[in-house]
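Asks: Before I ask anything, here is the structure I am working with.
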Amino acid sequence: MPIDEQRFKRTMGLFPAGISVITLIDAEGAAFGMTASAVTSLSLRPPMLLVCVDDDAAIRRSIVNAAFFGVSLLAADQSEVATRFADRRRHRFAPGELFDVGPAEVPLVRGALAHMECRRAEVFQGGDHAIVCGLIEWSETREGRPLLYWRGSWGPLP
């Protein structure tokens with residue numbers, strides 16, 4: 001018998017994770033982003049990552065159907081960005097809001113430690129989440145400290 005939801009959250013909350021914003025352009029051409037901590041490397045050859053998206057996420061369908069999506073690994077001073085994109089009412093970029101873009105013209109969060117553009121590959125269902133695989137076709141990095149999720153909140157490395 002599996003453990004209960006509260007024990008699962010308490011246990012997994014001890015596993016520190018980097019905070020990213022997953023971004024895309026939807027079918028109507030609007031830019032969207034969603035805060036995620038369930039992002040991890042998947043393969044070296046070819047370079048791939050995976051993102052887990054809750055079935056109830058407001059932009060789940062758009063991410064699952066996007067040809068490309070972006071991943072911006074947030075810097076320690078970007079907790080306000082994480083909070084903003086964690087709010088399902090604020091996933092859409094505001095008109096005129098500035099963001100960076102890579103070669104595939106996917107929106108990317110300014111000031112992030114790393115940017116990646118991924119071609120969406122396989123999508124699997126895992127429990128109450130879609131597991132979206134992405135082939136990393138472009139990336140850039142800069143120096144700095146990451147924003148981490150640990151014990152139910154985010155902050156910089158101590």
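Asks: List the residues of region 110-125 whose backbone N lies under 20 Å from a point placed 7 Å from the Cα of Val101 along the Cα-to-Cβ direction.
Replies: Within reach of a label on Val101, which here means backbone N under 20 Å from a point 7 Å along Cα→Cβ, region 110-125 contributes 110-112, 114-120.
Asks: For region 19-146, with only Lys/Arg (+1) and Asp/Glu (-1) charged at the beta-carbon, what is the dipole magnitude about the Cα centre, in debye rounded to 20?
Replies: Its charge dipole is roughly 60 debye.
Asks: While we're on this one: Could you point to the label whose value was computed as P(r) over Cα pairs in 10 Å bins from 0, in percent for the structure here, given (i) 10, 31, 29, 17, 9, 3, 0; (ii) 11, 41, 30, 15, 4, 0; (iii) 11, 41, 37, 10, 1, 0?
Replies: Read-out taken from this structure: (iii).
Asks: Follow-up. If you rank Cys118, Cys133 by fewest surrounding Cβ atoms within 10 Å, what's the result?
Replies: Cys133, Cys118
Asks: When all C-alpha to C-alpha distances in region 75-134 are sorted into bins of 5 Å, what percent of pairs does each bin hold, rounded to whole numbers?
Replies: Pair shares across the bins are 4, 14, 18, 22, 23, 15, 5, 0.
Asks: If each residue of separation counts as 0.36 nm, what is the full-extension length gain between Asn65 and Ala94 once their alpha-carbon separation is subtracted?
Replies: 8.2 nm
Asks: Within a 10 angstrom radius of the beta carbon, how do Arg60, Arg7 rank from fewest other beta carbons to most?
Replies: Final ranking by Cβ density, sparse to dense: Arg7, Arg60.
Asks: Further question: Could you list Trp154, Trp138 in order of exposure, starting from the residue whose Cβ has the fewest other Cβ atoms within 10 Å?
Replies: Trp138, Trp154
Asks: Once every DSSP H run of n ≥ 4 in the chain is given -39500 (n - 2.57) and the sum is divided by its residues, what mean residue ellipticity at 222 nm do you get, rounded to the nearest 500 deg cm²/dmol?
Replies: About -3500 deg cm²/dmol.
Read the figures in this text as sums done on the coordinates, not as results from a lab. Nothing here was measured: the structure is a model prediction, and the numbers come from that model. Cβ atoms come from the backbone with ideal geometry, glycine included; neighbour counts cover every protein chain shown.
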